[in-house]
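For reference, the structure is listed below as structure tokens.
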Amino acid sequence: MTRFDKELDVRGLNCPLPLLRAKKSLSQMMPGEVLKVLTTDPAAEIDFKVFSELSGNPLLSVEKEETCLVFYFRK
């Protein structure tokens, strides 16, 4: 389990809402802080990897849980 500073639960929402809410949350965080995102969006893995590359917010890890995917981003 990765240490995190803020958790964003966007389970039940589909693209582009999880991505937009993650972007907004990261914009409100301090450099070095970690955002944990929980999602059920089937396209999230691809979307978040591309977002990470384009935004400069490193994707630290992706975990597959029983009912959702969990992403960890560093601001």
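The C-alpha atoms of the chain define a longest principal axis, and helix 17-27 lies at about 10 degrees to it. Ordered from largest to smallest accessible area (heavy atoms of protein chains, 1.4 Å probe), the residues 41, 47, 5 come out as 5, 47, 41.
The antiparallel fraction among DSSP beta bridges confined to the chain stands at about 75%.
Mean residue ellipticity, 222 nm, helices only, the chain: the sum of -39500 (n - 2.57) across DSSP H runs of n ≥ 4, divided by residue count and rounded to 500, is -9500 deg cm²/dmol. Ordered from largest to smallest accessible area (heavy atoms of protein chains, 1.4 Å probe), the residues 24, 49, 6 come out as 24, 49, 6.
Among 25, 55, 61, the order of accessible area from largest down is 55, 61, 25, computed with a 1.4 Å probe on protein heavy atoms.
Only protein heavy atoms count here; on that basis, with a 1.4 Å probe, residue 37 has an accessible area of about 0 Å². Summing +1 for each Lys or Arg and -1 for each Asp or Glu among the other residues whose beta-carbon sits under 11 angstrom from that of residue 5 gives +3.
Note on Rg/Rh (Cα atoms, Kirkwood Rh): of the candidates [x] 1.20; [y] 1.18; [z] 0.91, the value calculated from this structure sits at [z].
Note that the chain presents 60 Å² accessible area per residue, ligands and nucleic acids not counted, probe 1.4 Å. Relative contact order, percent, of the chain when contacts are C-alpha pairs under 8 Å separated by at least 6 residues? Once divided by the residue count of the chain, the mean separation gives 35 percent.
The values are calculated or read from the model by the stated rules, or taken from the named source; none is laboratory data. What you see is a predicted model; the values in this text were computed from it and never measured. Positions of Cβ are generated from backbone atoms using ideal geometry, with glycine treated the same way; all protein chains shown enter the neighbour counts. Protein only, heavy atoms only, side chains kept; ligands, DNA and RNA dropped before computing areas. Shrake-Rupley method; radii C 1.70, N 1.55, O 1.52, S 1.80 Å.
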